1. Of all residues in region 213-228, how many are surrounded by fewer than 20 Cβ atoms within 10 Å (Cβ to Cβ) and either closer than 24 Å to residue 144 by Cα or in contact with a helix residue (DSSP H, G or I) (Cβ under 7 Å, 6 or more places away or on another chain) (or both)?
2. Scan (1) closer than 23 Å to residue 106 by Cβ; (2) without any contact (Cβ under 8 Å) to a residue 40 or more places away in the chain; (3) not in a helix (DSSP H, G or I) for the single condition residue 213 breaks and write down its number.
3. It is to be established whether one or more residues within region 243-256 are touching a strand residue (DSSP E or B) at 6+ places or on another chain (Cβ under 8 Å), in a loop (DSSP other than H, G, I, E, B), surrounded by 13 or more Cβ atoms within 10 Å (Cβ to Cβ) and at pLDDT 90 or above.
4. May I ask you to verify whether residue 178 is in contact (Cβ under 8 Å) with a residue 12 or more places away in the chain, assigned to a loop (DSSP other than H, G, I, E, B) and touching a strand residue (DSSP E or B) at 6+ places or on another chain (Cβ under 7 Å)?
5. I'm told residue 237 meets every condition in (1) more than 28 Å from residue 284 (Cβ to Cβ); (2) part of a strand (DSSP E or B) except one. Can you identify the failing condition by its number?
6. Within region 261-272, how many residues are on the phi < 0 side of the Ramachandran plot and touching a helix residue (DSSP H, G or I) at 6+ places or on another chain (Cβ under 9 Å)?
């Protein structure tokens, strides 16, 4: 008979769920640079029309020409992210009013973990907990979808702004648009170190001393360690149309479990340590609608940029 028992379960209140995902925007580059849409647990299909010819001008009484188009669909299906944390079993003896600060603190920590988790999975295809490839995510990630040679820019720590220019040019050459850039801290620091040759002043002072400006030139911008997450990751930045060619969302119900017995997290018997486990899970899905609308800036294998 299993020795782990969930004695109570509930759902976070809708206003707390909204608060959680508001906080996600502060910690997830993808959430900051793109919009979220609520989605059902079963997922959604997003249809993409690729129209290869231009619109035609037709005179009165003239025949209307056919327009070529290719229709594809991208299925966005939520993936379950889980996080659990131990607290003192005094929690069980508190009134509901006094339990709220515990739950808000847990919700705040949970929002940070799922924010990082979505970035790590969607950028690299990793399971955040192990920093290794996830079979559940598969190739539904930027490193798995953006593979065209001319959309892979080799990182140069002395010319990071030129790298972004090259990435933008590659996308625009394919008739794409660019709305944002997500970059790793080392790349942000490299931009901050750039100096004007005639005055030795910083070219981009807003990036100095750990600055994380909301824009870089005409692009929405974010600096986040999730971009370069993992010991062997060569990714330094993702540039592209985050506003239109990337979609993400979450299913609204977020369950909370309070586990009082057993060893649900491998840290020893709960009763022995006078603790309980708060466990919650979120269902988050994303889709890269058009890989051609993105470019990756990657370091060479022997890069010495500090990552």
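1. First, the residues of region 213-228 that are surrounded by fewer than 20 Cβ atoms within 10 Å (Cβ to Cβ): 213-215, 217-220, 225.
From the residues that got through so far, the ones that are either closer than 24 Å to residue 144 by Cα or in contact with a helix residue (DSSP H, G or I) (Cβ under 7 Å, 6 or more places away or on another chain) (or both) too are 213, 219-220, 225.
Adding up the residues that qualify gives 4.
2. Checking residue 213 against (1) closer than 23 Å to residue 106 by Cβ; (2) without any contact (Cβ under 8 Å) to a residue 40 or more places away in the chain; (3) not in a helix (DSSP H, G or I), the one that fails is (1).
3. Pass one, region 243-256, residues touching a strand residue (DSSP E or B) at 6+ places or on another chain (Cβ under 8 Å): 243, 245-251, 253-256.
If we keep only those that are in a loop (DSSP other than H, G, I, E, B) as well, we get 251, 253-254.
Filter again for surrounded by 13 or more Cβ atoms within 10 Å (Cβ to Cβ), leaving 251, 253-254.
Narrowing further to those that are at pLDDT 90 or above: none.
No, that holds for no residue.
4. Details: in contact (Cβ under 8 Å) with a residue 12 or more places away in the chain: yes; assigned to a loop (DSSP other than H, G, I, E, B): yes; touching a strand residue (DSSP E or B) at 6+ places or on another chain (Cβ under 7 Å): yes.
Considered against the rule, which asks whether it is in contact (Cβ under 8 Å) with a residue 12 or more places away in the chain, assigned to a loop (DSSP other than H, G, I, E, B) and touching a strand residue (DSSP E or B) at 6+ places or on another chain (Cβ under 7 Å), residue 178 comes out as yes.
5. That leaves (1) as the condition not met.
6. Restricting attention to region 261-272, the residues satisfying the condition of being on the phi < 0 side of the Ramachandran plot are 261, 263-265, 267, 269-272.
Subsequent filtering for residues that are touching a helix residue (DSSP H, G or I) at 6+ places or on another chain (Cβ under 9 Å) retains 261, 263-264, 267, 270-271.
Number of matching residues: 6.
Here's the yes/no breakdown for (1) touching a strand residue (DSSP E or B) at 6+ places or on another chain (Cβ under 6 Å); (2) at pLDDT 80 or above; (3) within 30 Å of residue 266 (Cβ to Cβ); (4) not in a loop (DSSP other than H, G, I, E, B):
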site: 42; (1), (2), (3), (4): no, no, no, no
site: 57; (1), (2), (3), (4): no, no, no, no
site: 67; (1), (2), (3), (4): no, no, no, no
site: 70; (1), (2), (3), (4): yes, no, no, yes
site: 75; (1), (2), (3), (4): yes, no, no, yes
site: 81; (1), (2), (3), (4): yes, yes, yes, yes
site: 84; (1), (2), (3), (4): yes, yes, yes, yes
site: 107; (1), (2), (3), (4): no, no, yes, yes
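Here's the yes/no breakdown for (1) in contact with a strand residue (DSSP E or B) (Cβ under 9 Å, 6 or more places away or on another chain); (2) surrounded by 14 or more Cβ atoms within 10 Å (Cβ to Cβ); (3) modelled with pLDDT under 95:
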{"position": "130", "(1), (2), (3)": "no, no, yes"}
{"position": "153", "(1), (2), (3)": "yes, yes, no"}
{"position": "166", "(1), (2), (3)": "yes, yes, no"}
{"position": "196", "(1), (2), (3)": "yes, no, yes"}
{"position": "207", "(1), (2), (3)": "yes, yes, no"}
{"position": "237", "(1), (2), (3)": "yes, yes, no"}
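The values are calculated or read from the model by the stated rules, or taken from the named source; none is laboratory data. Small disclaimer: the values here were computed from a predicted structure and weren't measured. Because the Cβ atoms are built from the backbone with ideal geometry, glycine has one as well, and the counts that use them run over all protein chains shown.
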